[in-house]
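Data first, discussion second: the structure below is written as C-alpha cells.
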Amino acid sequence: MLHVNKAKYISNYQIWLSFDDGSKGQVDLEKYLTGSMFEPLKKISLFSQVRFDEELGTITWPNGADLAPEFLKDVMVPSPMPLLYNPE
C-alpha cells in the first residue's frame, strides 16, 4: 500500500511530495478542487494549511479533506526537489 511520507506546500495549489516507494514529485491540485469537501480549498489561505498526516499516510487539511496517495502519485510530476520554493 502506497503512503506519502513527506509533504511541503510550495505555492498556489502546488505541493511537493515524497512517497514510501522512493518516488518524489510535485502536484498542482487546482483543477481537482471540486465538490463540497474540496471547494473550500480554492481559498489559498486554507489550501496552504496542508499537512502530512503520519497516521493516514497522506496529506490533509483543517476542514477534514484528504487525498489518496495513489491519486496524488498519478497526477504528480516527478521531481527530486520542489520546482518552486515559497519561503514562509
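Read the figures in this text as sums done on the coordinates, not as results from a lab. What you see is a predicted model; the values in this text were computed from it and never measured. Methodologically, a virtual Cβ is constructed for each residue, glycine included, from the backbone with ideal geometry; neighbour enumeration extends over all protein chains shown.
Here are a few things to note about the model shown:
- The listed residue being of a type in the set (Phe, Trp, Tyr) and within 22 Å of MET1 (Cα to Cα), out of PHE47, PHE38, PHE52: PHE52
- Of ILE15, ILE59, all but one fail to be within 15 Å of LEU2 (Cα to Cα), among the β-branched types (Val, Ile, Thr) and within 10 Å of the chain's Cα centre (by Cα); the exception is ILE59.
- Consider the stretch 18-37 and keep the residues that are surrounded by 17 or more Cβ atoms within 10 Å (Cβ to Cβ) and of a type in the set (A, V, I, L, M, F, W, C). The one that is farthest from the chain's Cα centre (by Cα) is PHE19.
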